[in-house]
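All remarks here apply to the structure that follows.
The values are calculated or read from the model by the stated rules, or taken from the named source; none is laboratory data. Computed from a predicted structure; not experimentally measured. Cβ placement follows ideal geometry from the backbone for every residue including glycine, while neighbour counts extend to all protein chains displayed.
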Amino acid sequence: MQLSEEQLRVSKREVEAGGVRLRKVIRTEIVNRPVELRREEVVIERVPVGEGRTATGGRSSFEEQEVFIPLRREEAVVEKETRVREEVRARKESQTATENVSGQVRKEDVEIQRSGEAREDTTRNPRSRKP
């Protein structure tokens, strides 16, 4: 008669447990910077001349004359510069944890019923019996 038993054998396998997705997104914001700008203006003044004064400088009176006075102003120039602000690095780390795994196992055994004068010899190893 052979008696069998089950043994619990625990092994491991790797399964996917989720993940992390890194996605670069572009955000836009308004940045205000104060800047002081200069501009030129023409101020026209009429000044009365004292009596008895004559035209000088070789010009005769009553000739058409034109004078152009250029005006300048500053304007804001906006330039954008791209620079690396930071880097994002992702790495994986492995950690180990011990878990108790349990399962049911079966085992065959034998029950002995005696009748009459039958006895069991428990002092000898049954495998070492000689026929």
Could you give every pair whose Cβ atoms fall below 9 Å, whose first residue belongs to segment 46-72 and is assigned to a loop (DSSP other than H, G, I, E, B) and of a type in the set (Lys, Arg), and whose second residue is at pLDDT 70 or above and surrounded by fewer than 10 Cβ atoms within 10 Å (Cβ to Cβ), counting only separations of at least 6 or pairs across chains? 59/65; 72/38; 72/39
Considering only residues of segment 1-45 that are in contact (Cβ under 8 Å) with a residue 40 or more places away in the chain and acidic (Asp, Glu), which is surrounded by the most Cβ atoms within 10 Å (Cβ to Cβ)? 6
Can you name every residue in segment 86-131 that is β-branched (Val, Ile, Thr) and at pLDDT 70 or above? 88, 96, 98, 101, 105, 110, 112
Candidate set from segment 65-120 (those that are among the acidic types (Asp, Glu) and either closer than 30 Å to residue 6 by Cβ or surrounded by 10 or more Cβ atoms within 10 Å (Cβ to Cβ) (or both)); member that is nearest to the chain's Cα centre (by Cα): 99
